[in-house]
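Everything on this sheet refers to the single structure shown next.
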Amino acid sequence: SNSSQTVAIAPASQTVGVGASVTFTASGGVNGYNWGGSASGSGNLKTVTFPAAGSYTVSVYSPAGGSYNQSNTATATITVANNSQTVALTPNTQTITVGDTVNFSATGGVNGYVWGGAASGGGTTKTVSFNTPGSYSVTAYSPAGGGYSQSNTAASVITVNAIATTFAVA
């Protein structure tokens, strides 16, 4: 009677970001390895790059040969998640006087920026003039795309004070 071979794969499950590579190791086979799913070819090591978000399966078995039956098929499940982006705004808070302008700068985004609140449009910097007393919010986020999920929305709060008036007493 033929002998059995039991194949294992490592890692068996993993969560990675879009564009990441995972190196899988097969063990327990006597007659080499045949890879399937998101991997192909032979050898006991296989590196697979995952270019898009989703769930992927990598499988491997050792074929029959000599006095050995074909092994079990070992499978690994890889979850590929969109990468994150974290946007920051400077300045994040500021107190100014009516008529002043503030130069805002956004950082941390991969897919550009969408501005909101007292600012609008795109680009990494915005210059905003504040002509009425009050409290204003300026926001920016980086949209989803290219293997990245939408960023947080960073907010900056600007307090605009009225111009102080002075009285001279003669």
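No lab work stands behind these numbers, since they all come straight from the coordinates. What you see is a predicted model; the values in this text were computed from it and never measured. Cβ sites come from the backbone with ideal geometry, for glycine too, and all protein chains shown count toward neighbours.
If you take every DSSP beta bridge fully contained in the chain, what fraction is antiparallel? Give it as a percent rounded to 5.
Details: 42 of 54 bridges.
The answer is about 80 percent antiparallel.
What is the packing order of peptides 70-83, 32-45, taking the mean over residues of other C-beta atoms within 10 Å and listing the highest first? List each step's numbers first, then the result.
Values: 70-83: 17.7, 32-45: 15.4.
The peptides rank, most packed first, as 70-83, 32-45.
Does region 87-127 come out rounded, prolate or oblate by the C-alpha gyration tensor, with a ≥ b ≥ c the root eigenvalues, rounded set by a/c under 1.5 and, if not, prolate when a/b is larger than b/c and oblate if not?
Values: a/c = 2.74, a/b = 1.81, b/c = 1.51.
Prolate.
Roughly speaking, what is the centre-to-centre gap between region 139-170 and region 1-53 when only Cα atoms are used, to the nearest Å?
Using only Cα atoms, the two centres lie 50 Å from each other.
May I ask you to derive the FRET efficiency for ASN2 and ASN152 from their Cβ-Cβ distance with R0 = 45 Å, giving the value to the nearest 0.05? Provide the component values of the computation, followed by the final result.
Values: r = 59 Å, r/R0 = 1.30.
The computed FRET efficiency comes out at 0.15.
Using alpha carbons only, what's the Rg to Rh ratio of region 14-170 with Rh from Kirkwood? All intermediate terms of the calculation are to be shown ahead of the outcome.
Details: Rg = 28.2 Å, Rh = 20.0 Å.
Over the Cα atoms of region 14-170, Rg/Rh equals 1.41.
Roughly speaking, what is the stretch gain from SER13 to SER105, that is 0.36 nm per residue apart minus the C-alpha to C-alpha distance, in nm to one decimal? Before the final figure, lay out each step's value.
On the way: separation 92, 0.36 × 92 = 33.12 nm, distance 4.00 nm.
Fully extending the segment from SER13 to SER105 adds 29.1 nm.
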